[in-house]
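Below is one structure; the comments refer to it alone.
Taken together, the values in this text are just the output of simple stated rules run on the coordinates, not laboratory data. None of these values were measured; they are calculated from a predicted model. All Cβ positions, glycine included, derive from the backbone under ideal geometry; neighbour counts span all protein chains shown.
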Amino acid sequence: MSEVFTKSMARNIYYGGSVFFFLLFLALTFDTTNALPERDHRENITPQVAQGKVVWEENNCIGCHTLLGEG
């Protein structure tokens, strides 16, 4: 490897790294969207649960009550 680090080399490293991490982001996004249906138990969501979420969002309950019980 040469001892001179040129602008061209720096640009190639920047673009190569950007492409690599963009592709990694896409792969992880695809993997997550495929894994969610098995992990979020959508079949257990009842109308009461959906209504509870609506009430939680409309009343801004997260402002005082956190999901971990602190607040």
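Annotations
- Degrees between helix 47-58 axis and first principal axis of the chain (Cα, 0 to 90, nearest 10): 70
- Selected from 17, 4, 28, residue furthest toward positive end of dipole (the chain; charges at beta carbon): 4
- For region 23-35, 3J(HN,Hα) computed residue by residue from phi via the Karplus equation (6.51, -1.76, 1.60; θ = phi - 60°) reads 5, 5, 4, 4, 5, 5, 5, 4, 5, 5, 5, 7, 7 Hz, glycine and proline entered as x.
- Remark: the chain carries a charge dipole of roughly 360 debye about the Cα centre, counting +1 on each Lys and Arg Cβ and -1 on each Asp and Glu Cβ.
- The candidate values were [x] 22, 17, 10; [y] 47, 19, 10; [z] 21, 14, 9; the one computed from these coordinates for semi-axes √(5λ) of the Cα gyration tensor in Å carries the label [y].
- Expected 222 nm ellipticity per residue - DSSP helices of 4 or more, -39500 (n - 2.57), all of the chain, to 500: -22000 deg cm²/dmol
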